[in-house]
1. How many residues does the stretch A:26-37 hold that are more than 11 Å from chain B (Cβ to nearest Cβ) and either within 22 Å of residue B:114 (Cβ to Cβ) or modelled with pLDDT under 50 (or both)?
2. Report whether or not residue A:74 is at pLDDT 90 or above, part of a helix (DSSP H, G or I) and out of contact with any strand residue (DSSP E or B) (no Cβ under 9 Å at 6 or more places or on another chain).
3. Of A:86, A:91, which residue is in contact with a helix residue (DSSP H, G or I) (Cβ under 8 Å, 6 or more places away or on another chain) and within 17 Å of residue A:151 (Cα to Cα)?
4. Which condition from (1) in contact with a helix residue (DSSP H, G or I) (Cβ under 6 Å, 6 or more places away or on another chain); (2) more than 14 Å from chain B (Cβ to nearest Cβ) is the one that residue A:113 breaks?
5. Going residue by residue through the stretch A:67-77, is there one that turns out to be exposed (fewer than 15 other Cβ atoms within 10 Å of the Cβ), within 18 Å of residue A:133 (Cβ to Cβ), more than 14 Å from chain B (Cβ to nearest Cβ) and in contact (Cβ under 8 Å) with a residue 40 or more places away in the chain?
6. Kindly indicate the residue of the stretch B:145-164 that is more than 14 Å from chain A (Cβ to nearest Cβ) and under 17 Å from the mean Cα position of the chain (by Cα) and also surrounded by the most Cβ atoms within 10 Å (Cβ to Cβ) among those meeting that condition.
7. From the set of residues in the stretch B:197-214 that are closer than 15 Å to residue B:125 by Cα and over 35 Å from the mean Cα position of the chain (by Cα), which is surrounded by the most Cβ atoms within 10 Å (Cβ to Cβ)?
């Protein structure tokens, strides 16, 4: 009996606690992380609670990532004053190369370096780009794997909806 | 006509004063019953106003502290839909409180189950002054295995300087001797990149073990000091 209670309790607690390797699932709490930006500043995702956050994973060798970044830059320009925060997580091993690309793509939002791939593992990243939309409560509202032309319209619609909440 | 609008003529002044006087009288009439209990109409109105306030204070346990105070609208005038809405709102607040309580209980239970006291090891970080060191990250190695690598944001470092103590690691260790290596990185004196390690060999017995990594300033040498100490 006692064992059954213990097993049930463990089942409940393990269901309640986000596992260390929890991926970003729609409706779930966004996995928190802290990374260093290209400028050397440390940023933690949970410190943006209260804002609508778009987390974008990319790498310099990913061509659709570069295409997507141009659309994201437009969105950021337009909605940052309304409370949209954009964080890009770069997965390159070489920070210099990433910084060079960020400069060429004119990325105006923070570029976080995940050289150790800790955050990529945390989000169970399988392909690039991956974009995660987080609401003001820290809940994942949308996960966009990959990017194709026209996807930015879906981003826009979702972001506008979240900013109004 | 232009003079009238500007209030230049006597007629214009009268026209401007009449509505003002009327407004003043209305205000006076409205204020008088509230202040004086003698008038029957006033006492009836005051009674109506007081009723919801008394009911609210009596039922404080069901009312969350964040709820706004009841409006001055007499309870008799409250439409049924609004009353229903209020009840639902109270129910939601109650449910939220219960969820928070349950969350707390589960958190405590989880810690007790996953990190029993006889194997538990917790490592804390604290900072004193911080003139000669700006904390950037702490890496912990337990028995030559990296167990945590924590990056500090500006806000977190500030919180530590204000007296905060952060639990940077919680894990399980078997009874016996162990080695803890803490690696601190940050900005040292004159804004130079600073990297320093500190080692502690400790013995884990039955019962929880608490270790503190204390960063303080050594004013004489104008250098930061890193101390690893065990809590008794």
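The values are calculated or read from the model by the stated rules, or taken from the named source; none is laboratory data. Keep in mind the model is a prediction, meaning the values are calculated, not measured. Counting neighbours? That spans all protein chains shown, and the Cβs are built from the backbone with ideal geometry, glycine included.
1. So in the stretch A:26-37, the residues more than 11 Å from chain B (Cβ to nearest Cβ) come out as A:26-32.
Checking the rest, the ones that are also either within 22 Å of residue B:114 (Cβ to Cβ) or modelled with pLDDT under 50 (or both) come to A:28-29, A:31-32.
Looking only at that region, the number is 4.
2. Details: at pLDDT 90 or above: yes; part of a helix (DSSP H, G or I): yes; out of contact with any strand residue (DSSP E or B) (no Cβ under 9 Å at 6 or more places or on another chain): yes.
Yes; evaluated as a whole, the condition is true for this residue.
3. Values: A:91 fails: within 17 Å of residue A:151 (Cα to Cα).
Exactly one of A:86, A:91 is in contact with a helix residue (DSSP H, G or I) (Cβ under 8 Å, 6 or more places away or on another chain) and within 17 Å of residue A:151 (Cα to Cα), namely A:86.
4. Just one mismatch for residue A:113, condition (2).
5. Scanning the stretch A:67-77 turns up at least one residue that is exposed (fewer than 15 other Cβ atoms within 10 Å of the Cβ), within 18 Å of residue A:133 (Cβ to Cβ), more than 14 Å from chain B (Cβ to nearest Cβ) and in contact (Cβ under 8 Å) with a residue 40 or more places away in the chain.
6. Among those that are more than 14 Å from chain A (Cβ to nearest Cβ) and under 17 Å from the mean Cα position of the chain (by Cα), it is B:164.
7. We begin by selecting, within the stretch B:197-214, every residue closer than 15 Å to residue B:125 by Cα; these are B:197-200, B:209-214.
So of that shortlist, the ones also over 35 Å from the mean Cα position of the chain (by Cα) come out as B:199-200.
Details: B:199: 11, B:200: 16.
The extreme case among them is B:200.
Matching residues to (1) modelled with pLDDT of 95 or more; (2) touching a strand residue (DSSP E or B) at 6+ places or on another chain (Cβ under 7 Å); (3) under 27 Å from residue A:99 (Cβ atoms); (4) at the interface with chain B (Cβ under 8 Å from one of its Cβ atoms):
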position	(1), (2), (3), (4)
A:1	no, no, no, no
A:10	no, no, no, yes
A:14	no, no, no, no
A:19	no, no, no, no
A:24	no, yes, yes, no
A:39	no, no, yes, no
A:50	no, no, no, no
A:60	no, no, yes, no
